[in-house]
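Enquirer: Handing you a structure now.
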């Protein structure tokens, strides 16, 4: 079969050129006679691969020198615990913003380790809009402010950066990192599970401002301590070498595509096309308020939910895969990360219009 | 270049047939038009891959039904914290056996979470022998007894299973799981980082007796809680899907090779050949006592350490890679895990004899 158009929310589509390079060198990396998977993480070959990946990510996001880039395991879910264990001293409190399922999961986990103040919640808007900063009730003495810039399930995305003064701003960018331009210096920490815009699952990248390090609780497991990861160049123990390597290929591919600025243009065009198709029709709808619509995850419903199955079956036939919405919200969802081309979105829109004609 | 003989201690050599299958289906898994890396972990395709991998591991080790098999992240080093967080209630104590660098690391981490009694240490034998059980001083009320069945750096391996009565026995089998036959029912828990005998790094497998679950401390991060992993079939969050898939291919390959019994025969022959070459010569030596010599990691020294560089250079020329000993002990080390063939060991021995003739 030829390659499908893959709208999976994650693990998600990867650039075909990246997979091709990985395939070509899977048994023999650059004539060395072994796979990247078979290399010592301390070998010159792998430390070279690792350093190049980090440098390319630094270039792509213009990461300032006073930030560490950490390659870790456990996904964003493990970060939900690591963040309070590293930054929330006993008795201190942190502010969290609730905009959907993933930010609520981060709140639930952090609450096990300290005082968490929900400074704002999208609940009052049924999670179809993001409360503006004038509605936030930040604590006076928070250790940090945490939010998720993009909610993968609800399809909500911040199109602005919160202002928290001297209080470090921590953001879960799992599903929109590298999709738009970004001023890293606005943040204390940025983290992202790899399996959407970076690479294969099993890797999580954290970009941490150095002055925040070194304050972990005594009860923080060594492997969850950012300072330990930083001191050991993310090799306190054996890192997920193949995921790191493949992420490095994605970073290189992004640079070849013109970097994050070019991806932003492309992503802008993709989401405009898809939301326009939804808005121009009474057959499809997306309930999210205009300024909070995600560029990465576009949930939409058919006016008649009884047609959902037929819609998905027809999509599958055309090689438009993984359009079923998350089980908690139903309907459809198209995830259109960096590796999903404009061509894929055009094919989806063409199918949507065809299906509407047939069934409206 | 053709494939080399790779004696790396980890990440280590993988079976060529496994890498070939992974290469063939890297962009298109079984005609589905996408890579395993691009599949939702909740898709029928991936849950099928995951379940088949688990079943094959269960078959290979005859894992009884009252054991859970967990696929997690963070490597053995994260397990060093997870074990006390899950099994050591406040105020309780656990017994640890010290046979080298890895067991000492597990002791160091566990000591941060509770009372750890070092019930026996190989220190009195300069870490060249394992204290017999008659030398162990087990606590009366230990929550568990922990040891490492194989020390990757020192090249020490238990050729016996400790007897701990009703006290659960927990073993770090990172470097010798699946290399020999094993009675799982002797253990409360077995765990192993993947990157030696299982698959790519970034995955750790734990086999846990069910009655030990559900007692984690309140302060245990959700992602480190075995009960949570068990309740969610190791998919509380996105697992390292590609590593899991590739490990499944290794398990299938092992079954095709005749299973663990056949690997044990092969591994016995490999280590016999290598130790005999060392013992028959006064040019090479290995200081480990006969009954504690590792079948997986064979450290050896040249009588004249000034020849080390020449030895390694000549080995590299012949495609015998990664023979340099761990930086903490020096000398040489040949790691001869399941995926390292008898042919590779024969090539190494032939080179050792050739080098000796030239330089003795």
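We did not get these values from a lab; they are worked out from the coordinates using the rules stated. Here the structure is a predicted model, which means the values were calculated and not measured. Virtual Cβ from ideal backbone geometry, glycine too; neighbours counted across all protein chains shown.
Enquirer: Taking only the alpha carbons of region A:154-197, what extent do you get along each of the three principal axes, in Å, biggest first?
Expert: That gives 31, 19, 19 Å along the principal axes, largest extent first.
Enquirer: List the distances, in nm to one decimal, from the label point of residue A:24 to the label points of the same position in every other copy, shortest first, placing each label point 7 Å from Cα along the Cα-to-Cβ direction.
Expert: Label-point distances to the other copies, shortest first: 2.2 nm.
Enquirer: How far is residue B:132 from itself in the other copies, in nm, if each label sits 7 Å out from Cα along the Cα-Cβ line, shortest first?
Expert: Label point to label point, same position, other copies: 8.1 nm.
Enquirer: Step by step: find N for region A:61-136, compute 2.2 N^0.38 Å, then divide the Cα radius of gyration by it. What's the final number? All intermediate terms of the calculation are to be shown ahead of the outcome.
Expert: Values: Rg = 14.4 Å, N = 76, 2.2 N^0.38 = 11.4 Å.
Region A:61-136 yields a ratio of 1.26.
Enquirer: Hey, what did region B:72-125 get for relative contact order, percent, Cα under 8 Å, at least 6 apart? It would help to have the intermediate numbers written out before the result.
Expert: Details: 60 pairs, mean separation 22.0, N = 54.
Here the relative contact order equals 41 percent.
Enquirer: Over region A:259-359, what lengths in whole Å, largest first, do the semi-axes of the equivalent ellipsoid take, defined as the square roots of 5 times the eigenvalues of the alpha-carbon gyration tensor?
Expert: On the way: eigenvalues 94, 44, 32 Å².
Semi-axes (√(5λ), whole Å): 22, 15, 13.
Enquirer: Would you mind telling me the antiparallel percentage of the DSSP bridges in the protein assembly as shown, rounded to 5?
Expert: On the way: 42 of 77 bridges.
Of all bridge pairs located within the protein assembly as shown, approximately 55 percent are antiparallel.
Enquirer: If contacts are Cα pairs under 8 angstrom and at least 6 residues apart, what is the relative contact order of chain B in percent? Please list the in-between numbers first.
Expert: Working: 664 pairs, mean separation 84.5, N = 360.
Contact order relative to length: 23 percent.
Enquirer: Taking all pairs of distinct Cα atoms, average 1/r, flip it, and tell me the Kirkwood hydrodynamic radius of the protein assembly as shown in Å to one decimal place. Don't jump to the answer; show the numbers that get you there.
Expert: On the way: mean 1/r = 0.0373 Å⁻¹.
It is 26.8 Å.
Enquirer: To continue, here is another question. Over region B:85-210, with a single point scatterer placed on each C-alpha, what log10 of the ratio I(q)/I(0) does the Debye formula yield at q = 0.09 1/Å?
Expert: Computed log10 I(q)/I(0) values: -0.23.
Enquirer: Counting partner chain Cβ atoms within 10 Å of every residue's Cβ in B:41-47, what's the average? Write down the numbers at each step before the final one.
Expert: Details: counts 5, 4, 4, 0, 0, 1, 0.
Partner-chain Cβ atoms within 10 Å, mean over residues of B:41-47: 2.
Enquirer: Stokes-Einstein diffusion coefficient for chain A at 20 °C in a medium of 1.002 mPa s, Rh from the Kirkwood formula over Cα pairs: what value in µm²/s?
Expert: Numbers: Rh = 21.3 Å.
Translational D for this selection: 101 µm²/s.
Enquirer: Any idea what the alpha-carbon Rg over 2.2 N^0.38 Å comes to for region B:53-92? Please report the intermediate quantities before stating the final value.
Expert: Values: Rg = 13.4 Å, N = 40, 2.2 N^0.38 = 8.9 Å.
Rg over 2.2 N^0.38 Å, computed on Cα atoms: 1.49.
Enquirer: Using a 7 Å offset from Cα along the direction of the beta-carbon, what are the separations from residue B:160 to the same position in each other copy, nm, ascending?
Expert: Going from nearest to farthest copy, the values are 7.2 nm.
Enquirer: Taking 8 Å as the Cα distance limit and 6 or more residues as the minimum spacing, I'd like the relative contact order of region B:259-359 as a percentage.
Expert: On the way: 102 pairs, mean separation 30.9, N = 101.
Once normalised by length, the contact order is 31 percent.
Enquirer: Tell me, what is the Rg over Rh of region A:1-100, with Rh the Kirkwood radius over Cα pairs? Please list the in-between numbers first.
Expert: Details: Rg = 18.9 Å, Rh = 17.8 Å.
Ratio of gyration radius to Kirkwood radius for region A:1-100: 1.06.
Enquirer: Moving to a separate point now. Let me check I have the definition right: for region A:177-228, take the eigenvalues of the Cα gyration tensor, multiply each by 5, take square roots. What are those semi-axes in whole Å, largest first? Walk me through the numbers before you get to the answer.
Expert: Numbers: eigenvalues 107, 55, 6 Å².
After scaling each eigenvalue by five and taking roots: 23, 17, 6 Å.
Enquirer: Continuing with the same structure: Taking the DSSP beta bridges in chain B as the whole, what percent of them are antiparallel, to the nearest 5? All intermediate terms of the calculation are to be shown ahead of the outcome.
Expert: Values: 21 of 39 bridges.
Counting only bridges with both partners in chain B, antiparallel ones make up about 55 percent.
Enquirer: Let me know the mean shielding of B:109-117 by other chains, meaning the per-residue number of their Cβ atoms within 10 Å of its Cβ.
Expert: Working: counts 3, 0, 0, 5, 2, 0, 0, 0, 0.
Per residue, the number of nearby Cβ atoms from other chains is 1 on average.
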